[in-house]
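> Right, I'll just put the structure down here and ask away after.
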Amino acid sequence: MKIKSISVYAIPLPYKTLGHGRVTTPEITLHDTVVGIETDGGLVGYGESCPLNPTYLDATTGGLRAALEFLCPVLIGRDPCETGVINTLMDRTVRGHEAAKSAIDIACWDLLGKSAGLPVKTLLGGAEVDGARLYNSIPMDTPQAMISTIEENRKQGITVFQVKLGQGAEPDIARMRAIADILRPGEHMICDANRGWTMEDARRVVAAASQLPPELGLLIEQPCATYEECVTIRKVCDRPFVLDEVIDDTRDLVRASADGALDAVVIKLSHVGGLTKAHEMARLATRLGLRMRIEDTVGAEIVRAAVAHLAVTVPEKSLLAAYPHPASVSLGEIGVTASNGLLSCGEESGLGFEPDTKVLCEPIQHYD
């Protein structure tokens, strides 16, 4: 099987931000990119990648689509089922630009599944669980407003709440304490500053966290901007510690584990380069005894499906949670459900995605 052509589609994606310090406007329009890879046998596989904004990670829509102009031509005539070869070729062709590589890699896994007549989860080693535990992000707001959002999430079976912080020590400590008061046994509160705290703020917040009941399911996520700052805060933090934006690949993960810098890692598909590299990181994290969250930066049905198929392959004790990636625009149909606090995927071949051609419209780029 060979790649015959690659089409690139652009979809505006209205997005409500979560109120943390890295994204200040409440509503923005993102620019989603979908890649469709067609083979010489007529199969089409789909991938998706949608950067948030340039102050969050080093990925932009323009950079993603520019990278595709270099990547797509060299893939024509290659076997998309050879995902390792495809990734090596992409890395040799373009340095970095993992968000662009992610869309291509996900499409190749979709094609591999379709050609084999198997779901991607099976090709990744098989499902460890029927459904992956979901989490939801709680936008930064007044303590009472955040509590109200948590109560609404509970009705959907959600037990893991990523509480967005990063405004400063005093208001963030007030939010954390208020939410801690209403947290139930078995629930988790992940205090995520998105690199928004200064070293002083972070020290004050983790000191306040240490005064809360030890049995409370509280975790501290990505407090400061750099890895070195986070390691320093980790040394004075007695709560489970999560790293996200400063972990780019397996080398970073090995280093962080050796440094004792984390208890859990966030694996975002477009941040690390797609399903191939995310799967490698997930397997490594499991071997290192770390927990993980499986997600992406932003996305719709294709990202949701890719996240679901990877998340269910993670052993239950190693999976902190997965994100369902709700979106304001539907790209098509998938065999993935998010209900009763679990993200589950069916047995359809590949990712189980069927595009809505009216939404994709005409491609903005085509390579053959």
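> In whole Hz, with x marking every Gly and Pro, tabulate ³J(HN,Hα) for the stretch 350-360 from phi via Karplus 6.51 cos²θ - 1.76 cosθ + 1.60, θ = phi - 60°.
Ordered by residue, 3J(HN,Hα) equals x, 8, x, 9, 10, x, 8, 5, 5, 7, 5 Hz.
> Helix 143-154: angle to the longest alpha-carbon principal axis of the chain, degrees 0 to 90, nearest 10?
That helix lies at roughly 50 degrees to the long axis.
> Evaluate E = 1/(1 + (r/R0)^6) for Val359 and Ala207, where r is the Cβ-Cβ distance and R0 equals 41 Å; express this FRET efficiency to the nearest 0.05. Could the numbers behind the result be given before it?
On the way: r = 49 Å, r/R0 = 1.19.
Here the calculated transfer efficiency is 0.25.
> Please report, to one decimal in angstroms, the Kirkwood hydrodynamic radius of the stretch 122-354 built from all distinct Cα-Cα pairs.
On the way: mean 1/r = 0.0558 Å⁻¹.
One over the average 1/r among Cα pairs gives 17.9 Å for the stretch 122-354.
> Straight-line reach from Lys268: which lysines have a Cα under 26 Å away, not including same-chain ones fewer than 8 places off?
Lys16, Lys101, Lys114, Lys121, Lys164, Lys235, Lys277, Lys317
> Can you give me the C-alpha center-to-center distance between the stretch 71-133 and the stretch 141-207, rounded to a whole angstrom?
36 Å
> If amide hydrogens are placed 1.01 Å from N in the peptide plane, which non-local residues have theirs closer than 5 Å to the one on His188?
Val160, Phe161
> Let me ask you something else. Explain nothing, just compute: Karplus ³J(HN,Hα) = 6.51 cos²θ - 1.76 cosθ + 1.60, θ = phi - 60°, for every residue of the stretch 28-43 in order, whole Hz, x for Gly and Pro.
Calculated HN-Hα couplings, in order: 9, 10, 8, 10, 6, 10, 10, 10, x, 9, 9, 9, 5, x, x, 6 Hz.
> To the nearest 10 degrees, how steeply does helix 275-287 sit against the main Cα axis of the chain, on a 0 to 90 scale?
Computed tilt is about 40 degrees.
> Mean projection of the alpha-carbon convex hull of the stretch 101-182 over all orientations, in nm²?
Spelled out: convex hull of the Cα atoms, projected over all directions, averaged, 8.2 nm².
> Continuing with the same structure: Take every DSSP beta bridge whose two residues both sit in the chain, then give the antiparallel share in percent to the nearest 5. Can you show the working numbers first?
Values: 30 of 57 bridges.
DSSP beta bridges in the chain are roughly 55 percent antiparallel.
> With the chain treated as a Gaussian network of Cα nodes joined by springs under 10 Å, which of Thr83, Thr93, Thr60 yields the largest mean-square fluctuation?
Most flexible of the set in this elastic network: Thr93.
> Report, as a whole number in µm² per second, the diffusion coefficient that Stokes-Einstein gives for the stretch 1-126 at 25 °C and 0.890 mPa s using the Kirkwood radius over alpha carbon pairs. If you can, show how the numbers build up before the last one.
Values: Rh = 15.4 Å.
The estimated diffusion coefficient comes to 160 µm²/s.
Here, each number is a calculation from the coordinates, and none is a lab measurement. If you're wondering where the values come from, they're calculated on a predicted model, not measured in any experiment. As a convention, Cβ positions derive from the backbone with ideal geometry for all residues, glycine included, and neighbour counts pool all protein chains shown.
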